[in-house]
1. Restricting attention to strands (runs of 3 or more DSSP E) lying wholly within segment 96-154, give those where 2 or more residues are more than 19 Å from K63 (Cα to Cα), touching a Leu at 6+ places or on another chain (Cβ under 9 Å) and modelled with pLDDT under 95.
2. Only one of K49, K72 is in contact (Cβ under 8 Å) with a residue 24 or more places away in the chain, of a type outside the set (F, W, Y) and either surrounded by fewer than 19 Cβ atoms within 10 Å (Cβ to Cβ) or closer than 24 Å to Y28 by Cβ (or both). Can you tell me which?
3. Please go through segment 77-90 and pick out each residue that is surrounded by 13 or more Cβ atoms within 10 Å (Cβ to Cβ) and either hydroxyl-bearing (S, T, Y) or touching a residue at least 40 places away in the same chain (Cβ under 8 Å) (or both).
4. Determine whether segment 118-127 contains at least one residue that is crowded, with 16+ Cβ neighbours inside 10 Å, aliphatic (A, V, I, L, M) and touching an Asp or Glu at 6+ places or on another chain (Cβ under 6 Å).
5. Mind listing whichever residues of segment 22-41 are outside any loop (DSSP other than H, G, I, E, B) and either at pLDDT below 95 or more than 21 Å from V100 (Cα to Cα) (or both)?
6. Would you be able to tell me the number of residues in segment 94-117 that are touching a Phe, Trp or Tyr at 6+ places or on another chain (Cβ under 6 Å), under 26 Å from G83 (Cβ atoms) and surrounded by 18 or more Cβ atoms within 10 Å (Cβ to Cβ)?
Amino acid sequence: MKKSMIGFYILILTAVSSYAQSAATTSYTKEEQKLVNLSKDKWQWMADKDVEKLAVLFHNKSKFVHMSGTWKKDEELEIIKTGSIWYKKATIYDTAVELVGKTAVVWNRITLESVVRGNDAKVEFTVTEVYQKEGKNWKMLALTFSSVRDTHVIKH
C-alpha cells in the first residue's frame with residue numbers, strides 16, 4: 001500500500017511537472033505573439049477600467065458572453081466604466097492561439113479576481129477571444145467566459 005501511494009504521488013508530480021514545462025515552453029510566431037500581448041494588455045486595461053483603449057480594441061459588432069448574460073460593445077464598456085463588473089486581476093496560466101487568414105482565436109486559462117455588483121469573486125475560466133485583422137490592427141469580435149475547473153487544460 002505504501003509503495004503504491006508513493007508511486008501515485010510520483011505519477012502526479014511527473015504529470016504536473018510536464019504540464020508546467022509544456023505551458024512554459026510554448027513558442028509563438030511573431031503575429032501570434034502580438035495577439036498574446038494584445039490579450040494580456042486587454043486584461044490590464046479591463047483591470048484599469050481604461051475604456052478608451054478598450055473602445056479601440058473592441059469591434060463595433062463585438063459581443064461578450066458572461067455567466068449572467070450576453071451583451072454588445074457599448075454595454076460592456078459601460079459595465080467596465082461604472083465598475084458593475086471590475087476585472088481586478090486575471091492570472092493567466094496558459095494561452096493558445098490559432099490564426100486562420102484574417103481571423104484569430106485566443107484561448108486563455110485564467111483565474112479571474114473580480115467584483116461583480118459589489119461582491120468579490122474568484123473564478124477559474126477558459127476565455128475564448130476572437131479577433132479580426134483590419135488593416136494592421138486586430139479588433140476583438142467576441143469574448144466568451146467558460147467556467148472550468150483549475151485542472152482544465154487547453155489543447156495546443
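1. Numbers: elements: 103-116, 119-134, 137-147.
Counting at least 2 such residues, we get 119-134.
2. Numbers: K72 fails: in contact (Cβ under 8 Å) with a residue 24 or more places away in the chain.
Result of the check over K49, K72: K49.
3. The answer is S84, Y87, K88, K89, A90.
4. Quick first cut of segment 118-127, residues crowded, with 16+ Cβ neighbours inside 10 Å only: 124-127.
Within this subset, residues satisfying the condition of being aliphatic (A, V, I, L, M) are 127.
Those still in the list that are touching an Asp or Glu at 6+ places or on another chain (Cβ under 6 Å) too: none.
Checked against the condition, which is being crowded, with 16+ Cβ neighbours inside 10 Å, aliphatic (A, V, I, L, M) and touching an Asp or Glu at 6+ places or on another chain (Cβ under 6 Å), segment 118-127 yields no hits at all.
5. Listed by number, the residues that qualify are S22, A23, A24, D41.
6. 3
The values are calculated or read from the model by the stated rules, or taken from the named source; none is laboratory data. Note that the structure is predicted; figures quoted are calculated from it, not measured. Cβ coordinates were reconstructed from backbone atoms using ideal geometry, including for glycine residues, and neighbour counts include every protein chain displayed.
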